[in-house]
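Here is the structure we will look at.
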Amino acid sequence: MTRKKLMSVALCAAMVGTMVGATSVSAADYSDLSIEIVSKGFQHQYWQAVKKGAELKAEELGCKINFVGPNSESDYADQVQMLNNAINAKPGAIALAALDTQSCLDAINTAMGEGIPIIGFDSGVPDAPEGSVVANASTDNYAAGELAAEKAYEVLKDRIANAEGTVRIGVMGQDAVSESVVNRGLGFIDKIGELAIADGKTIKLEGNDRYVNDAKVESTDDGNVVIETLVPSQVTSELSSIDCQTLLNKDDIICIYGSNQHSGEAMVTGNENLMKFGQGEDQVLGVAFDSGAVIKAAVADGTFLGAITQAPVAMGQTVVELACKAAKGEEVADVDTGCQWYTADNMEDPEIAQNLYD
């Protein structure tokens with residue numbers, strides 16, 4: 001998925017319960033097909049929800065799937081080996097959520113040479129060789145980040161306007177490689193900057209070079225709204241929790257946004273002793289991304305203002321259907337599998353609850 005918006009933020013926020021229905025099942029017989037699915041990992045409940053959706057659709061269509069992923073989203077070499085194994089299995093199609101496209105290039109070219117179509121999902125396979133990836137099933141991550149920023153700014157607007165000195169907004173990124181994570185961060189940064197500048201403020205970007213350099217918002221050395229992005233040197237809960245504590249201990253911090261399940265859960269852990277998250281004027285506003293028991297509990301008890309959820313089950317269903325169609329030579333196109341904003345007030349609504357995995 002590129003940063004180009006496939007759908008508006010308004011559509012991104014719309015309910016996605018019927019999203020899979022938009023990719024209607026054709027009359028083709030898929031019972032002879034085997035599909036290899038290479039995800040980014042198994043350590044997050046998110047991937048288990050994607051796997052569940054994939055299994056449901058495979059059962060419906062009668063095809064066989066093999067769903068794999070490395071133990072950690074920093075295990076690039078393991079994912080490449082899994083991708084090579086998938087190619088060697090000679091499936092009808094491969095679904096791939098690449099940790100790092102560059103690491104996968106040789107394998108991707110091999111798949112293309114053998115005529116195996118690839119379906120990207122989640123962050124997809126950004127910058128893949130032309131013609132190798134025939135469609136993507138993913139969230140418009142940039143728009144999702146913008147939606148999180150808009151919801152946060154509704155609460156922060158007066159605090160920012162009335163601040164006598166600088167205010168700081170933290171962004172926690174699991175990494176600076178995955179396009180999904182990066183775009184969620186950039187969408188948030190750019191929208192917060194846009195809204196603050198419209199209210200007469202100036203922006204100063206600090207932290208990780210990828211986010212600072214790729215952000216669209218203008219940064220000035222004397223900006224009075226500081227947006228600081230921290231990325232751990234390795235994808236571990238301990239290092240990300242330390243990043244959260246670093247931000248929470250800064251005197252001017254008013255908000256922290258975690259751009260995936262890993263970062264959101266690290267925010268909860270980092271706050272355990274400091275107890276600074278909340279929605280009072282003297283507290284730090286917490287905004288997360290994804291679901292899972294830890295983040296849902298933080299939203300439910302008011303520790304976090306709210307969070308963005310994707311539709312992981314729908315994503316798994318969609319990617320299997322796209323892979324089957326591609327394997328049969330049917331026409332396929334990108335599908336935005338959607339996102340929603342949930343809070344303590346709406347998280348039990350049926351349209352929302354169906355996308356909040358444990």
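The values are calculated or read from the model by the stated rules, or taken from the named source; none is laboratory data. Given the structure is predicted, the values throughout are model-derived calculations rather than measurements. As a convention, Cβ positions derive from the backbone with ideal geometry for all residues, glycine included, and neighbour counts pool all protein chains shown. Surface areas here come from the heavy atoms of the whole protein model, side chains and all, with no ligands, DNA or RNA. Shrake-Rupley method; radii C 1.70, N 1.55, O 1.52, S 1.80 Å.
A few comments on the model shown:
- Region 222-337, relative contact order in percent, only Cα pairs under 8 angstrom and at least six apart counted: 18
- Applying 0.36 nm per residue to the separation of Asp221 and Asp106 and subtracting their alpha-carbon distance, the gain on full extension is 37.2 nm.
- Both radii come from the Cα set of the chain: Rg as radius of gyration, Rh as Kirkwood radius; their ratio Rg/Rh reads 0.99.
- For the chain, the longest principal axis of the alpha carbon atoms and the long axis of helix 45-61 meet at an angle near 30°.
- The angle between the Cα long axis of helix 141-162 and the main principal axis of the chain comes to about 10°, on a 0 to 90 degree scale.
- Highest-fluctuation residue, Asn208, Asn141, Asn249 considered, GNM on the chain with Cα pairs under 10 Å: Asn249
- Magnitude of the charge dipole, the chain, Cβ model with Lys/Arg +1 and Asp/Glu -1, debye to 20: 360
- Max mean-square fluctuation residue, GNM over the chain, Cα-Cα springs under 10 Å, options Gly115, Gly185, Gly316: Gly115
- Estimated D of region 20-158 in µm² per second, where Rh is the Kirkwood radius over Cα pairs and Stokes-Einstein applies at 10 °C, 1.306 mPa s: 98
- Dividing the summed -39500 (n - 2.57) terms of all DSSP H runs of n ≥ 4 by the residue count of the chain sets its mean residue ellipticity at 222 nm at -13000 deg cm²/dmol.
- Degrees, to the nearest 10: 261-271 long Cα axis against longest axis of the chain: 30
- In a DSSP loop and with at most 14 other Cβ atoms within 10 Å, the GluC sites (Glu not before Pro) in region 83-184 are Glu114, Glu130, Glu164.
- Per residue, in Å², the accessible surface of the chain once ligands and nucleic acids are set aside, probe 1.4 Å: 39
- Among Lys40, Lys90, the sequence by solvent-accessible area, most first, with a 1.4 Å probe is Lys90, Lys40.
- Longest to shortest principal axis, alpha-carbon extents of region 235-358, angstrom: 58, 32, 22
- Estimated at 0.36 nm per residue, the fully extended path between Ser233 and Asp345 surpasses their Cα-Cα distance by 36.7 nm.
- Other residues within the sphere of radius under 13 Å centred on the Cβ of Phe121, judged by their own Cβ, net out at -3 (K and R +1, D and E -1).
- Gaussian network model of the chain, springs between alpha carbon atoms under 10 Å - residue of Asn273, Asn85, Asn260 with greatest fluctuation: Asn273
- Surface share of carbon and sulfur [accessible, 1.4 angstrom probe, percent] for the chain: 46
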